[in-house]
Amino acid sequence: MFEGLRFNHWKTSVDDSGIVTLALDRAGSGVNAISRAVLDELGQIVERLAIEKPAGVIVHSAKPSGFAVGADIKEFVGYASQGTVLENIENGQRVYEALARLPCPTVAAVHGACMGGGTELALACRQRIAVDDDKTRIGLPEVMLGIHPGWGGTARLPRLIGATDALPVMLTGKALSAKRALALGVVDRLARPEELLAEARVLLRRPQPRPLAQRAKAWATNLWPVRQLLAPTVVKQTAAKVRKEHYPAPFALIDVWRRGGPSIQQRLKLEARSVAKLAQTPTAHNLIRVFLLQERLKGQGSGVEHGIEHVHVVGAGVMGGDIAAWTALKGFQVTLQDREMKYVQPALDRARQLYEKKLKAPDKVDAAMARLRADIEGQGVAKADLAIEAIYENAEAKEQLYAKIEPQFQADEILASNTSSIALDELRKGLQAPQRFLGLHFFNPVAQMPLVEVVRHDRLDPAIEKRALAFCKAIGKLPVAVKGTPGFLVNRILMPYLLEALRLYGEGVPGPVLDREAKKFGMPMGPIELADTVGLDVCASVGKELAPFLGLELPPGLEVQEGKRGKKDGQGLYVWEDGKPRKPEVDPDYAASPDLQDRMILPMVNEAVACLADGVIDDADLLDAGVIFGTGFAPFRGGPIQYVRSEGADALMERLTRLAERYGERFTPKHGWDAPALRTPPATGNAST
């Protein structure tokens, strides 16, 4: 059937019954990212299949890692810079539509990751079967890159499963498990891994009829009048989560669906033009850059054996307990030490709640709990490969602990501190083996915050740093190496923002106003709500540690009252109920100062520039990544350094100077504003979605 044709990225075979199997195996890559070359070869194959008319076609992956991770993002960046996005989107649509029109049954056999263009490839087949395991994930995450599906996702998924189910899948970008995909009708059948292709052949011969209710929903929710009625509601729901001026892609997606008629060609044309337009927006440029930076952070620990099996955590408070719980969740043996069992038990209880949420199955929950053991006597110290200190922020107390536990260490055991602000050059002074000491600074809540700062000092062995980076990768975190000066990277940049917001709060600006202005800029949470969430006691402690180093004065009124530390006490700057703040009403006639946003945001940007100049982190791209993943700094802006580039360094310096003249020297532009990195375009890398 394919005589005379040779393919680099596809393996083809035909069995005795005339069924063709197409196995995607992108050359030179561990994953299937769908490039122009992959599509061009598929186009040739489908053209031949249309002529030969086989008994059926199965599309699957020869990669153990999964079906397909999506379009090749490096190529997409190139198309965007060349202005050829539309042409390449239309090319992919033509290939997939030719597959969809084959005059024979087609089945996509899915395992592992099936994302973006990979999911659209599966949707172009008549039916889909997926492996029923925890590794299978099917999704359309393009909105996270500032665009939306462009190879038929918006045209096909709503017609397959109904708009009310399809739109949330595309608007959130969240991946579906195999069972959820089956329940929604995205896939037609599930199979055990070893039976995937055999079951796919059964599905070819005996197609699975779609339930009447699914077909009715798919028809009814895509009628023209229904689309016109539903679309404003979906827009309103989306606007409650993101601002259109910050993230235009979800709103463009809704509009494409609303305007799409019964013709697949018309729907594809709307989709392609919309993606091409979005690809030119600053939001898409920045979100794609953030994605590439995330891939860079994921690669920080690659190719190195961390040599860690047993982790001992000292300090069972919120941070220590949650670090221990997360590490055990990821398969490590963990011992958790504190003075008495009454301090450890709450951490174990939280761990069980986490495991029940993440793992679901009771046997898996029990297995994770078995890996996490209370250790009041600290016997795990002598057996561990890594000891993490997570006690309160006091240098003397930490040094006393190190003096007690370090003599018990194994020969190559690593000691790490979860300190959030104390300089490591100070903490390492009394150690017998300072070369095996470093910081592993996690962020709260540990289960949700992806970043870990791997903190250096002047005596750190580079090999230990690499092992620590590899350990962070093994527990599913994004590591970034930073210098061990006070506050490191994230807290040093975040603290001026929080302190200025608290100063404004003390001046009488209502908390909800401050939160609203910060969210207008693009922060995920306002500073007053954030201070309560972190804990006013933590803010005060870190503030006192960092303020002298940063040349700042603590704002008045930062004294913490007993029982009013914020969210954890149910009361702080706000009153908290059921984990949510009850924000007071603001006088509708209240007029905020026009420079309110600058007063909060620019101190953060100013400190980021100083951090880059001080070599706190290796380069500007890593700085942006660290601040985005550590603080939630408006991702669509690309990070503080990218924000300086987009706004113009000179313009921001002028705004800072005006603030300094009006409010005080703390706004004076710091050293580093003349750095070339502030005036050069950001680097890009190679990754896929």
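The values are calculated or read from the model by the stated rules, or taken from the named source; none is laboratory data. Everything numeric here is computed off the predicted structure, so don't read it as measured data. Here Cβ is always computed from backbone atoms with ideal geometry, including for glycine, and neighbour counts include all displayed protein chains.
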Helices (runs of 4 or more DSSP H) contained in region 453-528 and holding at least 1 residues of a type outside the set (S, T, N, Q) and closer than 20 Å to Asp598 by Cβ: 490-506, 511-521
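Per-residue answers, yes or no, for (1) under 30 Å from Lys358 (Cα atoms); (2) touching a residue at least 60 places away in the same chain (Cβ under 8 Å); (3) of a type outside the set (A, V, I, L, M); (4) surrounded by fewer than 22 Cβ atoms within 10 Å (Cβ to Cβ):
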residue	(1), (2), (3), (4)
Phe442	yes, yes, yes, no
Met449	yes, yes, no, yes
Val455	yes, no, no, no
Leu460	no, no, no, no
Ala463	no, no, no, yes
How many residues are under 19 Å from Lys483 (Cβ atoms) and β-branched (Val, Ile, Thr) if we restrict to region 380-434? 3
Working only within region 540-576, note down all residues that are part of a loop (DSSP other than H, G, I, E, B) and over 23 Å from Gly632 (Cβ atoms). Gly551, Glu553, Leu554, Pro556, Gly557, Glu559, Val560, Gln561, Glu562, Gly563, Lys564, Gly570
Does region 233-254 contain at least one residue that is aromatic (Phe, Trp, Tyr) and touching a Leu at 6+ places or on another chain (Cβ under 8 Å)? no
Out of all the residues in region 353-360, is one or more on the phi > 0 side of the Ramachandran plot, without any contact (Cβ under 8 Å) to a residue 24 or more places away in the chain and basic (Lys, Arg)? yes
Of the residues Ala370, Ala351, which single one is buried (at least 20 other Cβ atoms within 10 Å of the Cβ), among the small types (Gly, Ala, Ser) and under 33 Å from the mean Cα position of the chain (by Cα)? Ala351
Picked from region 151-175 (must be under 24 Å from the mean Cα position of the chain (by Cα) and polar (S, T, N, Q)), the residue farthest from Val275 (Cα to Cα) is Thr172
For region 245-269, which positions are closer than 14 Å to Gly153 by Cβ and surrounded by fewer than 18 Cβ atoms within 10 Å (Cβ to Cβ)? Ile264
Could you pull out the residue among Glu654, Glu647 that is surrounded by fewer than 24 Cβ atoms within 10 Å (Cβ to Cβ), more than 29 Å from Leu278 (Cα to Cα) and out of contact with any His (no Cβ under 6 Å at 6 or more places or on another chain)? Glu654
Which pairs do you get when a residue that is closer than 17 Å to Leu424 by Cα, found in region 540-553, comes within reach of a residue that is assigned to a helix (DSSP H, G or I) and polar (S, T, N, Q), reach meaning Cβ atoms under 7 angstrom, with the pair 6+ apart or on two chains? Val542/Asn491; Leu546/Asn491
Considering only residues that are among the basic types (Lys, Arg) and either more than 16 Å from Val313 (Cβ to Cβ) or outside the structural domain of Ala447 (by TED's automatic domain parsing) (or both), which ones fall in region 325-377? Lys342, Arg352, Lys357, Lys358, Lys360, Lys364
Name the residue that is nearest to His285 (Cα to Cα), counting only residues in region 227-246 that are free of Cβ contacts under 8 Å to residues at least 40 places away in the same chain and of a type in the set (A, V, I, L, M). Val242
Just to be sure I understand the filter: pairs with C-beta atoms under 6 Å, separated by 6 or more residues or on different chains, first member in region 27-49 and within 14 Å of Leu5 (Cα to Cα), second member among the aliphatic types (A, V, I, L, M). Which pairs pass? Leu42/Val95; Gly43/Val95; Val46/Ala98; Val46/Leu99; Leu49/Leu102
Considering only residues that are basic (Lys, Arg), surrounded by fewer than 23 Cβ atoms within 10 Å (Cβ to Cβ) and either under 16 Å from Gly112 (Cβ atoms) or in contact with a Leu (Cβ under 9 Å, 6 or more places away or on another chain) (or both), which ones fall in region 25-77? Arg48, Lys53, Lys63, Lys74
Any chance you could count how many residues in region 633-660 are over 16 Å from Glu500 (Cβ atoms) and either touching a Gly at 6+ places or on another chain (Cβ under 9 Å) or without any contact (Cβ under 8 Å) to a residue 12 or more places away in the chain (or both)? 12
Matching residues in region 389-417 - criterion: being closer than 19 Å to Arg339 by Cα, in contact with a Phe, Trp or Tyr (Cβ under 9 Å, 6 or more places away or on another chain) and touching a residue at least 40 places away in the same chain (Cβ under 8 Å): Glu389, Ala390
Can you tell me which residue in region 288-347 is surrounded by the fewest Cβ atoms within 10 Å (Cβ to Cβ), limited to those that are polar (S, T, N, Q) and without any contact (Cβ under 8 Å) to a residue 60 or more places away in the chain? Gln345
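Per-residue answers, yes or no, for (1) of a type in the set (D, E, K, R); (2) part of a helix (DSSP H, G or I):
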residue: Ala23; (1), (2): no, no
residue: Ala37; (1), (2): no, yes
residue: Arg48; (1), (2): yes, yes
residue: Pro54; (1), (2): no, no
Please pick out the residue among Asp532, Asp537 that is in a helix (DSSP H, G or I), touching a helix residue (DSSP H, G or I) at 6+ places or on another chain (Cβ under 6 Å) and either modelled with pLDDT under 95 or among the β-branched types (Val, Ile, Thr) (or both). Asp532
Of those in region 85-105 that are free of Cβ contacts under 8 Å to residues at least 60 places away in the same chain and among the polar types (S, T, N, Q), the residue surrounded by the fewest Cβ atoms within 10 Å (Cβ to Cβ) is Asn91
Which one of the conditions (1) buried (at least 17 other Cβ atoms within 10 Å of the Cβ); (2) more than 30 Å from the chain's Cα centre (by Cα); (3) at pLDDT 90 or above does Pro548 fail to meet, given that it meets all the rest? (1)
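Here is a yes/no grid of residues against (1) hydrophobic (A, V, I, L, M, F, W, C); (2) surrounded by 14 or more Cβ atoms within 10 Å (Cβ to Cβ):
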| residue | (1), (2) |
| --- | --- |
| Gly543 | no, yes |
| Pro556 | no, no |
| Gln561 | no, no |
| Gly572 | no, yes |
| Glu577 | no, no |
| Pro584 | no, no |
| Ala591 | yes, no |
Against the conditions (1) closer than 23 Å to Pro248 by Cα; (2) surrounded by fewer than 19 Cβ atoms within 10 Å (Cβ to Cβ), where does Ile628 fall short? Just the number, please. (2)
